[in-house]
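Read-outs throughout are calculated quantities, based only on the coordinates presented, and are distinct from any laboratory measurement. In this text the structure is predicted, and so the values were computed from the model without any measurement. With ideal geometry, Cβ positions are generated from the backbone for all residues, glycine too; neighbour counts draw on all protein chains shown.
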Amino acid sequence: MSKKQHESLAKFMESFDYIGFDKEIKEFLALSQNPIPSILFMANMYQKGANYEKAIRLYTTLLDYIKNPIDKIPILESLGNIYYKAGFPLRAKEIYLEILHHYPRSQKILKSLIKIYEDLNLYKEALEALDCLEEIEGGTTLHWHYLEAKILIFQKDDNQDKIKKILALFQKEPKLSRIILSFLKDFHPSLFWENIQKLDSTNLLEILDILWNCNSNELPTITIKNKLLQDILEAKGFYPTTNTKKETFELEALSLLNKEKNYAGDLKFTYHCTDCKANMPLPFETCPHCGTLLSIKTIITLKQKQDETRYSLL
């Protein structure tokens, strides 16, 4: 696109700030010999500027203008993406389903639809869409187990069969430990303490933040046989400090601080995506940066504990 054309489009876009937005678009479509590239360019600019309403108006007008159903598919895809970004997942879902009606093997649209179903907690529907994706490209085992776990956790009936299936998934897929143990901690604390001792050191450290946020009234009544778990509870100050060497530097340092009482120590947690390498302050199931599922790695650092009574709520 030449500089002159770019300036002309910019001027045209400025005119959309007035009431005659839709009228201006239709006039442009009627007068221009090849208006589609220009309209798409403008819609993209509005989308980048988060002016979703105007981008949506451009795409919907373009859909009316285009007569060939096949040519409408890329426009529908863009429209669905904008609706999702603008916070209208149900509209985006309807558009993606319409596209899949014509192109049922579109991997990109299937993945977008699964994401929307997950956002809406429609995990059974997400699993059905994932089943289609498995037939096309395979490699969906981890995602399949994740959705199975979410379906079970969201079931209203809390019977033995449900718990049995959840524990089977816990044994089968270590990456589900955070999700399943969080559920057990809230609803089945005895099973939480029983099963957390079955984790190896690597996987136990991955959910150390869950343990660190426990209160003293949540401590188990059973005997702790896991050495690392014993170290964690000592470092937290729940159990008396012993002279045994701790499993990690951070736990050793905290135990010494608890013993000497000159300084109060604490742990800080950040969450790293093993795929895109981004760091987040909060735990996640799907990376908010790259969208990778269950790519979380817990980063543990030692810090000095602040005296919370110093801070005013104001």
Note to self, the chain gives a 222 nm [θ] from helices alone (DSSP H runs n ≥ 4, -39500 (n - 2.57) apiece, / all residues, nearest 500) of -18500 deg cm²/dmol
Flagged as over-length at 22 Å C-alpha distance, from 150/236; 108/297; 259/305; 236/268, the pairs are 150/236; 108/297
Free-by-geometry Cys in the chain, Cβ-Cβ under 4.7 Å as pairing rule, reported as 132, 214
Sites removed, the longest contiguous part of the chain containing no DSSP-loop trypsin sites (Lys or Arg not before Pro) with at most 14 other Cβ within 10 Å is 1-66
Here the gain from full extension of residue 264 to residue 44, 0.36 nm per residue of separation minus their alpha-carbon distance, amounts to 73.9 nm
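How much length, in nm to one decimal, is gained on full extension between residue 85 and residue 34, taken as 0.36 nm per residue of separation minus their Cα-Cα distance?
Computed gain between residue 85 and residue 34 is 15.5 nm.
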Helix 227-236: inclination vs the chain longest Cα principal axis, degrees, rounded to 10, gives 90
The relative contact order of the chain, taking Cα pairs under 8 Å that sit 6 or more residues apart, comes to a percentage of 7
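Within the range 225-269, report the chymotrypsin sites (Phe, Trp or Tyr not before Pro) that DSSP leaves as loop and that have at most 16 other Cβ atoms within 10 Å.
Within the range 225-269, the qualifying chymotrypsin sites (Phe, Trp or Tyr not before Pro) (loop, at most 16 other Cβ atoms within 10 Å) are 238, 263.
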Here the relative contact order (percent) of the range 139-199, from C-alpha pairs under 8 Å and at least 6 apart, is 26
For the chain, the longest principal axis of the Cα atoms and the Cα long axis of helix 3-14 enclose an angle in degrees, to the nearest 10, of 80
Expressed to two decimals, the range 139-199 has a Cα Rg over Rh, using the Kirkwood radius, of 0.94
Rounded to the nearest 10 degrees, the helix 107-119 long axis (Cα) sits at an angle to the longest Cα principal axis of the chain of 60
Taking only the alpha carbons of the range 181-314, the radius of gyration and the largest Cα-Cα distance, Dmax, both in angstrom, are 16.0, 45
Using alpha carbon positions and the Kirkwood radius, the Rg to Rh ratio of the range 32-137 is 1.01
Log10 I(q)/I(0) at q = 0.07, 0.11, 0.13 Å⁻¹ for the chain, from Debye over equal alpha-carbon scatterers, is -0.46, -0.85, -1.01
